[in-house]
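The next block holds one structure in the form of structure tokens; read it before the comments.
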Amino acid sequence: MAKLSHNESLLYRSNKNTLTHIGHTDVSGLYEFFVKELNQEEHTYRFPIMGILGTSQKPQITLPNKDKNILSFPDSRVHKIFKDIVDLIKESCSKFNLSYESNRYYLSSDLIVSHPTDFWHDQSSASRPSLFGILHLGNSSSKIKINETPLTLNPGDIVISEAGNRVTYLDSFKSLNIQVLPVSELRGQYLEKWIPLY
Amino acid sequence: MTLSQYNIINLEKVENKIVPIFSAWPKELAGWWLQITEVSLFQTKYVAGFYFNNKKPEGSVVVSSFLPKEYPDIYCLIGNDSVVDRVYVNPVYRKKGFLSPCGPVLRSVVYSIFNLIVEATKDQSPKIYKAMGEAYQSIGEPVPLRNQEEDLSEMSLQNIEPPRDPAFPFIWASERTGGKIES
């Protein structure tokens, strides 16, 4: 498919079928692992810690892992899930007629505790070639709609679709939301948020 | 006007314009903070995003070359001519009066840091014009007249939402709350 300009992509989106691709990975205990890692505390003291009268100071508490891309954690399970997601993105590009190589994609993710069900949502960007994904981290199956296409996601299911599509969560559930953007749409982004895909 | 409104304690006149002086972050924006990103695009100089979350302490003003990944709850663009355009409010926070105090805050911040006086665009939808009017009244400055209907853009005439990524290729990639689902 020829490369479309941004405006052409928006017009394309309004006249096309909703493209989705679904895969599966093992996520048992993953949500709890992510929450634990994200909330690891770091305590900073100023020396001397003990004052002259025996008073001790309270440390400044920070969460160094907060706001980082949690798929970059050095952990064998997370590595396996990251690989499964990337494989699925490659398959999606093939299915959606997108060039994985020439788009030079980067990936980021957000851990979502619950989804509001009274508003629709979108993520990643306004149109293809950006993609988005939802990895179900809950304990039971949940229903969503991407545009007008109904889907049932089971724990561990990952759905990949084109950016700009509207997502309606018919149930609230825990998820890892995934954004996949070409390098050309990543101006001004913070370094620690994005992982290049090869 | 009420001088204590939005914690404004004084008004400084700068070339026929008024810059509010605040004693503190407005209580009407409790829990909010602001990030201004320099994008230096053809028409847009800065993107201002107001956030209602606990990622930064209330009243933080971040000036950066970076754009947060999180979608802002209120955003606007500041053009190379210092005109504020493309105003967006998260549907969850609409009709709650959050937009009006953002105007004086933005004028104060942009003047303090960049020595620029921001002005509202004259190409506004009726809803944005109402909020802008309240913002101007809070600093005692006459509300600029809105363009005649024939000079309004289609976006303002039809009250169309600003685009998802108004400063493309600067993008807020995380999930955006769209419109309410009609049942």
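Computed from the coordinates by the stated procedures, all read-outs in this text should not be read as laboratory data. Small disclaimer: the values here were computed from a predicted structure and weren't measured. FYI the Cβ positions are ideal-geometry reconstructions off the backbone, even for glycines, and counts take in every protein chain you see.
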*For the residues B:SER138, A:SER92, A:SER140, what sequence is obtained by ranking on other C-beta atoms within 10 Å, fewest first?*
A:SER140, B:SER138, A:SER92
_Least to most buried among A:ILE61, B:ILE21, A:ILE112, A:ILE134 (fewest other Cβ within 10 Å first)_ = A:ILE61, B:ILE21, A:ILE112, A:ILE134
*Treating the beta-carbon of each Lys and Arg as +1 and of each Asp and Glu as -1, no other charges, what is the dipole magnitude of the protein assembly as shown about its Cα centre, to the nearest 20 debye?*
400
*In region B:19-157, what % of DSSP beta bridges are antiparallel (nearest 5)?*
75
*Of all the Cα-Cα pairs you can form in the protein assembly as shown, what percent are over 25 Å apart?*
60
*If region B:19-157 were replaced by its equivalent ellipsoid, with semi-axes equal to the square roots of 5 times the Cα gyration tensor eigenvalues, what would those be, largest first, whole Å?*
22, 17, 16
_Cα-based convex hull volume of chain A per residue, rounded to whole Å³_ = 154
*Which residue fluctuates the most in chain B, going by a Gaussian network model with Cα springs under 10 Å, if the choices are B:ARG146, B:ARG107, B:ARG86?*
B:ARG146
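Among B:LYS95/B:LYS130; A:LYS16/A:LYS83; A:LYS16/A:LYS95, which pairs are too far apart, with a Cα-Cα distance over 19 Å?
Check vs 19 Å cut-off fails for A:LYS16/A:LYS83.
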*Hey, got the dipole for region B:19-157? About the Cα centre, +1 on K and R Cβ, -1 on D and E Cβ, debye to the nearest 20?*
540
*Per-residue mean of other chain beta-carbon atoms within 10 angstrom of the beta-carbon, peptide A:103-114?*
1
*Taking the Cα-to-Cβ direction at B:ILE21 and at B:SER65 and moving 7 Å from each Cα, how far apart do the two end points lie in nm?*
3.5
*With label points built 7 Å along Cα→Cβ from the Cα atoms of A:VAL35 and A:LYS95, find their separation and express it in nm.*
3.1
*asked:* Taking the 0 to 90 degree range and rounding to the nearest ten, how far is the long axis of helix A:76-96 tilted relative to the main principal axis of chain A, both from C-alpha atoms?
replied: 20
*Most fluctuating residue given options A:GLN123, A:GLN40, A:GLN179, as computed from a GNM of chain A linking Cα atoms under 10 Å*: A:GLN40
*Identify all lysines with a Cα-Cα distance to A:LYS174 below 17 Å; exclude those on the same chain that are fewer than 8 residues away in sequence.*
A:LYS36, A:LYS143, A:LYS145
_Residue by residue through B:65-73, how many Cβ atoms from other chains fall within 10 Å of the Cβ on average?_
4
*asked:* Given points 7 Å out from each Cα along the Cα-Cβ axis, report the B:LEU157 to A:LYS16 separation in nanometres with one decimal.
replied: 3.0
_Tell me which of B:ILE139, B:ILE78, B:ALA24 sits at the most positive position along the dipole axis of region B:19-157, charges placed on C-beta atoms (Lys, Arg +1; Asp, Glu -1)._
B:ALA24
_Eligible aspartates and glutamates near B:LYS55 by straight Cα distance, threshold 12 Å, same-chain separation 8 or greater_ = A:ASP67, B:GLU70
